[in-house]
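The values are calculated or read from the model by the stated rules, or taken from the named source; none is laboratory data. Note that the coordinates shown come from a computational prediction; the quantities given were computed from them, not determined experimentally. Cβ atoms come from the backbone with ideal geometry, glycine included; neighbour counts cover every protein chain shown. Ligands, DNA and RNA are excluded from the accessible area calculation, which covers all protein heavy atoms including side chains. Shrake-Rupley method; radii C 1.70, N 1.55, O 1.52, S 1.80 Å.
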Amino acid sequence: MLVNDEHAVIDFHALCENQPFIQPAAGFTASQYTARVSRELGRWRQTVSPEQTACALGYITAARVLPSLVELENGRELLGYTVMLRQRLDAELVVELAMTLRARAIELHWEQVGAHSYGAAIGSGVAVIIEITPGAEQLYFRYSSHLADDLYNARGAVELPRSRLFLQSALYERFDALLDEVRQRTWMWLYG
């Protein structure tokens, strides 16, 4: 195996297309692997330009990270909506997300509802919960009991008692407020 110790800037378009901060479903590409190794070795600044970093961080949005609610077929799928955050985001960003919740939850309209849980209301009878137990960070919904019963019995999208588009918009708004802070904090430890 040959090792080249030269520093080269990663191709701008390859970095933006192959996100170094969002976990890929199909495995890592070469540019993602290079970006991750350069960050772990403390050589991010020599490998990735500030513009590339801004572009890559800008791609981290709720719409890119969270699965769509609009595509769910029935109420049971809505009841079972759970996102394991470490499977969707880079582990260091998940840690930043947890630190953001601990430090600024109230300012960002989140409330601590358990030792490692934060919640935000996103609709009548619906709250989004982020569990920040280290290594098992996840996002899911909690419903009022009558709404949970109605969702369980809804067989199709027409029978759902809540608009999936409305819930998705409210979810994205709350989660994007957190991601905005995470992007800023990540920029600071990469270039601060």
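Summary of values
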read-out: Descending principal axes extents, the chain, alpha-carbon based, whole Å; value: 62, 33, 27
read-out: Between segment 61-84 and segment 122-185, the alpha-carbon center distance in angstrom; value: 8 Å
read-out: Label point distance in nm, residue 40-residue 68, each placed 7 Å from Cα along Cα→Cβ; value: 3.4 nm
read-out: The chain - accessible surface per residue (Å², probe 1.4 Å); value: 54 Å²
read-out: Residue 89 long-range amide H proximity, modeled H, under 5 Å; value: 23
read-out: Backbone HN-Hα couplings from phi across segment 169-178 [Karplus 6.51/-1.76/1.60, Hz, Gly and Pro as x]; value: 4, 5, 4, 4, 4, 5, 6, 5, 4, 5
read-out: Nearest-0.05 FRET efficiency for residue 190 and residue 166, computed from C-beta distance (R0 41 Å); value: 0.70
